[in-house]
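The values are calculated or read from the model by the stated rules, or taken from the named source; none is laboratory data. Since we're looking at a predicted model, the values are computed, not measured. We place every Cβ from the backbone using ideal geometry, glycine too, and count neighbours over all the protein chains shown. The area values use the complete protein model at the heavy-atom level, side chains included, leaving out ligands, DNA and RNA. Shrake-Rupley method; radii C 1.70, N 1.55, O 1.52, S 1.80 Å.
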Amino acid sequence: MELRELRKYRNILSMMRLAEGDELAILKDKKRKIEKSVESVENVEIRVLLRRHYLEGLSWYKLAIKSGKTPDALKKSVSRYLKNYKNVTCVPE
């Protein structure tokens, strides 16, 4: 491989790392915004469900076991809240 090709390859790798860094920064910013939105929810039960499911990754089933309710009941509660909350566009999966 020629020196020119090596430099070109190194420059491409540097650009790829920068792009990955930019994407990571964008994702971190989105995560902060989501966390801020979740923490702004006034209803404590809904806020905890949102945090635990969407941010901590607990399944509805595991949350239901801890709460003594069914997974469907928890999803329905969150869904009803989100339908009334104008700035949120996602619904439980």
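Below is a table of values for the structure above.
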{"read-out": "Residue-level accessible surface for Glu35, protein heavy atoms, 1.4 Å, Å²", "value": "70"}
{"read-out": "Whichever lysines have a C-alpha closer than 18 Å to that of Lys83, once near sequence neighbours (fewer than 8 apart) are set aside", "value": "Lys75"}
{"read-out": "Radius, Kirkwood style, for the stretch 7-53 when every pair of distinct Cα atoms is counted (Å)", "value": "12.9"}
{"read-out": "FRET efficiency, 1/(1 + (r/R0)^6) with R0 30 Å, evaluated for Leu58 and Met16 via beta carbons", "value": "0.30"}
{"read-out": "Leu18, Leu55, Leu82, ranked by accessible area, largest first (probe 1.4 Å)", "value": "Leu18, Leu55, Leu82"}
